[in-house]
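Below: one structure, written as structure tokens.
The values are calculated or read from the model by the stated rules, or taken from the named source; none is laboratory data. What you see is a predicted model; the values in this text were computed from it and never measured. Counting neighbours? That spans all protein chains shown, and the Cβs are built from the backbone with ideal geometry, glycine included.
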């Protein structure tokens, strides 16, 4: 059985009405890690759905973004904890639970997979504007284009 969970992140100080007070704030976001190319992680940012029902008057606290995370993907998360602290971590969904991982673990996973993540392959197709056969894909990886 494949699980999908909802991850709720508070958008502390993100609302446009309070940007004077919190310039340089780290935003709440989640990205799917699609692969690793030349030691750099390839990310695709997810769209979060904002909810203002618990917001305070200026919208500086109580605004939440909801993300839907599927089992089988690796995610990078930027989760504001307070005005000054933001937690960054990598995770997977396993049996409906968030399981954190280290960046080293994520990079080594993709290096061991030789960047053959189906999501990475599809992203390359979108970037190049053409369908890639497996042979073209592996040729592209070997050349490092």
Please work out which residue is modelled with the highest pLDDT, limiting yourself to the range 1-33 and to residues that are assigned to a loop (DSSP other than H, G, I, E, B) and closer than 12 Å to residue 73 by Cα. 3
If we ask which residues in the range 107-119 are modelled with pLDDT of 55 or more and either surrounded by fewer than 16 Cβ atoms within 10 Å (Cβ to Cβ) or more than 11 Å from residue 39 (Cα to Cα) (or both), their number turns out to be 7
Based on this model, can you work out whether residue 107 counts as in contact with a strand residue (DSSP E or B) (Cβ under 8 Å, 6 or more places away or on another chain) and farther than 19 Å from residue 5 by Cβ? yes
Within the range 81-114, track down each residue that is in a helix (DSSP H, G or I) and out of contact with any helix residue (DSSP H, G or I) (no Cβ under 9 Å at 6 or more places or on another chain). 103, 104, 105, 106, 107, 108, 109, 111, 112
Counted residues in the range 49-69 being surrounded by 13 or more Cβ atoms within 10 Å (Cβ to Cβ) and either over 24 Å from residue 98 (Cα atoms) or touching a residue at least 24 places away in the same chain (Cβ under 8 Å) (or both) come to 12
